[in-house]
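Values quoted throughout were computed directly from the atomic coordinates according to the rules given, and no laboratory measurement underlies them. What you see is a predicted model, and the numbers here were worked out from it, not measured in a lab. Cβ placement follows ideal geometry from the backbone for every residue including glycine, while neighbour counts extend to all protein chains displayed.
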Amino acid sequence: MKRLTFLSLLMIILCLAGITQAQTNMRGSAYCAQKKSNAPDLPSRPSGTDVIIPHSFDVLKYTLDLDIYSCFLSPYPNSFKATNVINFRVDTALSSIKLHAVNSSLLIDSVRMAGISFSHASDILTIQLNRTYNPGEIVNVKVCYHHKNVSDQAFNVQGGMVFTDCEPEGARRWFPCWDKPSDKATLDLKVKVPLNARLGSNGHLADSTVSGDTLKYHWVSNQNISTYLMVMSGKINYKLNIVYWHKLSNPADSIPIRFYFNYGENPTYIQNIIGAMTTYYSETFCEHPFDKNGFATLNNLFAWGGMENQTLTSLCPNCWQEGLVAHEFAHQWFGDMITCATWADIWLNEGFATFSEALWLENTGGYSAYKNDILNDASNYLSSNPGWAISDPEWAINTPSNDVLFNYAITYCKGACVLHELRYVLGDSLFFATLASYASDTNFRFKSANVADFNAKVNSVAGGNYDWFFEQWIFQPNHPIYQNTYNFEDQGNGNWKANFFMTQIQSNPTFFKMPVQVKIRFADNTDTLINAMNDANYQQFSWTFNKRPVFFQFDPDQQIVIKEGSTIVGIGQDLLPGAGIHLAQNTPNPASGMTRIVYELDKAMPVKLEILSLVGKSITILADGNMTAGKYNVDYDCSQLSPGIYLYQLHAGGNMLTKKLVVSR
């Protein structure tokens, strides 16, 4: 699949120009998408492999003990020795478990505790247990293993720096695990490094001990983490700054935010704003959920963007850009605290973080800054839409390639635009109440959620059924293409009617239900904003006023940001499906003398056919009365009209069709 070639080139130019966080306009979502979409995919495996692997247990905790001391020293090998104790609860009776462990990266030495034997093939580690365990029992299995001296893009070593990078399923390359986002567990990580190396990880630093020239870090996360969000980032002589954010719930308490960075970098700007950003997200979603947080810039093996590892985000070298940080930091709430249950639910991660990046702009620059960012997303989507839905149920079974899963147009840009449109549909009060309720819900905090969960949350908070919104915007591809028409009709005695006919012409899906707004301006230079629900295709609306309308605009505030099409005066439809009426284009057209207008009725109904001026003033009535079913030919002499554009309009059975008549000489 062709990837984001232009975006890649643009990023290279920006990087070579040495643009800093105070100067660049590169959007954080674009950085993130570029990094993730170009990450290496897992080795191909048979369709449905992960489905047929029995998973009748829930991992509660991973206890990792790694010796990566030599990885920091020349010749910088990728090999290390480690143990992993997997603590799990049995869901259904089992006598063996299966874990993900990539054969090309990991060499299993032995299994211990409840494990008595193992086999390792096709990237699956099967461990035979010492007996059959019943539901509810807690079991510990210890795996002793080596990481091979191979570069696998998950465990990265270069010139005194070591870091992991796992999304979507790279954790299985550096430790045996159940490597799916829904099975979250706590983490206890001990790591041996040289004395002059600094190493950060998830959770809080429980202790660090020195023995000779060796430093052993002990990081503990008491909050559940998905395996793809587990991380180590370490470097010889890593720079480290720490700032503190005071909790909203208890200002006397604070959490450290750690900044690991390379020599020559300057994270001061982000350090200065991270407190305000934490406060804003805490006030908008829920209070910052973790014991600490942090960022670590890496090296050229991590050339672009960021990765939202729980409480320690990875950034590309010198990438202290505000937009990138705003995007990745929002993931601490949406992606880390609440994680997508499957890769079919990736919108709950990337769509939310991209939208949050726009919200941060609204906080710092006002609504116009937010809206411009959303419109930028819409433009990127419309120009690059590959034609698939935001969520494909197949992705829950078979993980798609990274350039599909992290497609910039769909997962990021359309994802953010859909949240904007949900904000428009619900209104600000209900929308932000929904976000806060979702983030605070103990059913999801430090757990996982799927799109249906968020859909249910919207229904609950908003007090209605919004399944239609999710079905069309999340589970269906593409967007509406409108071919709308309108006209103004002089009713006499100073009364006017505005007629608006809505049509969508896209094929897949054929219709998007949405509330719509139209703005009408009158001859006295006043405006009115009208709200209507477009809940059927080929739908007509009419409004009557006691003053002359002179201007009509559909969606004046661009709230339906992902759409195409036009709204023009006078040109109606040939056919109203289900109404039983048809109006053909007059022939000849343009006409200078006689022209014929043809209409058909499927059943008897009252009919009125008239000629109107372009502003809707009635000129002549050609038919008026009850008509039987059939085809009618009406001849009209245009020679009495001045050259120009006119309308002819058929009212039949409570419906209306309008066509344009051109008179020439």
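With both residues required to sit in the chain, DSSP beta bridges show an antiparallel share near 85%. In a reduced charge model with +1 at each Lys and Arg Cβ and -1 at each Asp and Glu Cβ, the chain shows a dipole moment near 580 debye about its Cα centre. Compute the relative contact order of the range 350-431 as a whole-number percentage, counting only Cα pairs closer than 8 Å that sit 6 or more residues apart in sequence. Relative contact order for the range 350-431 comes out at 43 percent. Within the range 559-665, report the GluC sites (Glu not before Pro) that DSSP leaves as loop and that have at most 11 other Cβ atoms within 10 Å. Listed in order of number, the matching sites amount to none. Fraction of C-alpha pairs exceeding 22 angstrom in the range 481-569: 26 percent, rounded to a whole number. Run the simple label-point estimate for LYS603 and ILE645 please: 7 Å along Cα→C-beta, distance reported in nm. The modelled label-to-label distance comes out at 3.6 nm. For the pair ALA452 and TRP543, what calculated FRET efficiency results from E = 1/(1 + (r/R0)^6), where r is the Cβ-Cβ distance and R0 = 60 Å, to the nearest 0.05? With R0 = 60 Å, the Cβ-Cβ based efficiency is 0.95. If R0 is 25 Å, the Cβ-Cβ spacing of ASN196 and TYR244 corresponds to a FRET efficiency of close to 0.45. For the range 512-665, the Cβ-based charge dipole about the Cα centre amounts to some 200 debye (Lys, Arg positive; Asp, Glu negative; other atoms uncharged). For the chain, the relative contact order is 9 percent, taking Cα pairs closer than 8 Å that sit 6 or more residues apart in sequence and dividing their mean separation by the residue count. Dipole magnitude for the range 481-569: about 60 debye, using +1 per Lys or Arg Cβ and -1 per Asp or Glu Cβ, origin at the Cα centre. For the range 575-663, the relative contact order comes to 32 percent (Cα pairs under 8 Å, sequence separation of at least 6). Here the calculated FRET efficiency for ALA532 and ASP253, from their Cβ-Cβ distance with R0 = 56 Å, stands at 0.65, rounded to the nearest 0.05. Across the options VAL143, PRO77, TRP219, the greatest Cα extent toward the positive end of the charge dipole of the range 53-230 (unit charges at beta carbon of Lys, Arg, Asp, Glu) belongs to VAL143.
Placing pseudo-labels 7 Å out from each Cα toward the beta carbon at SER618 and TYR632 gives an inter-label distance of 1.5 nm.
Spin-label model, ILE505 to ILE138: label points 7 Å out along the Cα-to-beta-carbon direction sit 6.5 nm apart. With Cα extents along the principal axes in Å in mind, check (i) 105, 54, 45; (ii) 94, 62, 55; (iii) 74, 53, 45 and report the label derived from this structure. The value matching this structure is (i). Annotation: lysines with alpha-carbon distance below 27 angstrom to LYS98 (same-chain offsets under eight excluded): LYS61, LYS81, LYS142, LYS148, LYS180, LYS184, LYS190, LYS447.
If you take the alpha carbon atoms of the range 517-665 and fit the smallest convex hull around them, that volume is 132 Å³ per residue. Among beta bridges identified by DSSP and lying wholly in the range 575-663, the antiparallel ones come to about 95 percent. Between the range 380-403 and the range 582-655, how far is it from one alpha carbon centroid to the other, in angstrom? If we compute the Cα centre of each part, the gap is 48 Å. Straight-line cross-link partners of LYS457 among the aspartates and glutamates, defined as a Cα under 20 Å from its Cα and at least 8 positions apart when in the same chain: GLU283, GLU287, ASP336, ASP345, GLU350, GLU421, ASP428, ASP441, ASP467, GLU471.
The 3J(HN,Hα) values that the Karplus relation (6.51, -1.76, 1.60; θ = phi - 60°) gives for the range 79-93 are, in residue order, 8, 7, 10, 7, 10, 9, 9, 9, 9, 9, 9, 7, 9, 10, 3 Hz. Gly and Pro appear as x. Each part gets one Cα centre, and for the range 172-198 versus the range 545-567 those centres are 55 Å apart. Relative to the longest principal axis of the Cα atoms of the chain, helix 451-462 runs at roughly 60 degrees. For the chain, the longest principal axis of the C-alpha atoms and the axis of helix 428-440 are separated by about 20°. Available extension along the chain between LEU375 and ALA433 is 18.5 nm, counting 0.36 nm per residue and deducting the alpha carbon span. Residue-wise HN-Hα couplings along the range 306-318, as the Karplus relation 6.51 cos²θ - 1.76 cosθ + 1.60 with θ = phi - 60° gives them from phi, are x, 9, 7, 3, 4, 6, 8, 6, 8, 10, 5, x, 6 Hz; Gly and Pro carry x.
Which angle between 0 and 90 degrees, to the nearest 10, do you get for helix 5-16 versus the longest principal axis of the chain when only C-alpha atoms count? With rounding to tens, the tilt is 60 degrees.
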